[in-house]
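Okay, so here's the structure we're looking at.
Read-outs throughout are calculated quantities, based only on the coordinates presented, and are distinct from any laboratory measurement. Just so it is clear, the model here is predicted, and its values are computed rather than measured. Here Cβ is always computed from backbone atoms with ideal geometry, including for glycine, and neighbour counts include all displayed protein chains.
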Amino acid sequence: MNPTRKRRLWLIAALLLASGAAAALVTLALRENITYLYTPSQVYAGEAGDQAVFRLGGMVAKDSLQREPGTLKVSFGVTDGDAVMTAHYEGILPDLFRENQAVIATGRREGDAFIATQVLAKHDEAYMPREVAEAMGKAHEKHKVPDAAAADAPEPGAY
């Protein structure tokens, strides 16, 4: 084989190896930063597993909001219509945060409670995040909730 061709072959092999290593490192870095969305039913069913950080989505349960006087600590229930999980948060809640509204909280599970580090609220009356609406719809199908209860839930991604 010609020395020039041999050199080119080694260069191509080195470039392929380097690009493969770079792709593997990027994939590993992205995997560590992904947070999955679960409903309370999915968390209690064990679908969230032992993930350190995940998102809990659903509706703020009616009459569940409790504030600790003199602090920014608040606790509230997140429901998907089948189960309610208590979430604890310390900080300023979004202006649109209230009971019977869609919410997504990022954090971790501690026992039967969810410790939130970030809370996001929906942005208008007709909107529910698509991921939350789809997850709630799947939970209703899985638990065979009557169509009348499912009809009250907005369409996924509806505005």
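In Å, what is the Rg of the alpha-carbon atoms in region 58-104, and how long is Dmax?
Cα-based Rg and Dmax for region 58-104 come out at 10.3, 33 Å.
Where in region 17-110 are there trypsin sites (Lys or Arg not before Pro) that are in a DSSP coil and have at most 16 other Cβ atoms within 10 angstrom of their Cβ?
On the way: sites: R31, R55, K62, R67, K73, R98, R108, R109; in loops: K62, R98.
Filter output for region 17-110: K62, R98.
Skipping prolines and chain starts, which residues have an amide H placed within reach, meaning under 5 Å, of the one on L37, given they are 5 or more residues away or on another chain?
Under 5 Å from the amide H of L37 lie the amide H atoms of R55, each far enough along the sequence or on another chain.
Beyond 25 Å, what share of the Cα-Cα pairs of region 14-118 remains, rounded to the nearest whole percent?
Numbers: 1729 of 5460 pairs.
Looking at region 14-118, the distances longer than 25 Å represent 32 percent of pairs.
Filter the GluC sites (Glu not before Pro) in region 1-95 to those in DSSP coil with at most 16 other Cβ atoms within 10 Å of their Cβ, and list the result.
Values: sites: E32, E47, E90; in loops: E47.
Answer by residue number: E47.
Give me the net charge for the shell around I104: Cβ to Cβ below 14 angstrom, other residues only, Lys and Arg +1, Asp and Glu -1. Working shown, then result.
Numbers: positive: R55, K122, R130; negative: D80, E131, E134.
That sum, taken over residues with Cβ under 14 Å, equals 0.
Multiplying the sequence separation of N2 and K62 by 0.36 nm and subtracting their Cα-Cα distance, what value in nm do you get? Walk me through the intermediate numbers first.
Numbers: separation 60, 0.36 × 60 = 21.60 nm, distance 7.80 nm.
Full extension from N2 to K62 adds 13.8 nm.
Hey, got a sec? Which chymotrypsin sites (Phe, Trp or Tyr not before Pro) in region 14-69 land in a DSSP loop and have at most 15 other Cβ atoms within 10 Å?
Numbers: sites: Y36, Y38, Y44, F54; in loops: Y36.
Those that pass, being in a loop and sparsely packed, are Y36.
Determine the distance separating the Cα centre of region 72-122 from the Cα centre of region 20-56; give it in Å without decimals.
19 Å
Could you work out the equivalent-ellipsoid semi-axes for region 3-52, taking the square root of 5 times each eigenvalue of the Cα gyration tensor, largest first, in whole Å? Numbers along the way, then the final one.
Numbers: eigenvalues 408, 12, 8 Å².
The answer is 45, 8, 6 Å, longest axis first.
Taking 8 Å as the Cα distance limit and 6 or more residues as the minimum spacing, I'd like the relative contact order of region 1-60 as a percentage. Working shown, then result.
On the way: 24 pairs, mean separation 15.8, N = 60.
Computed value for region 1-60: 26 percent relative contact order.
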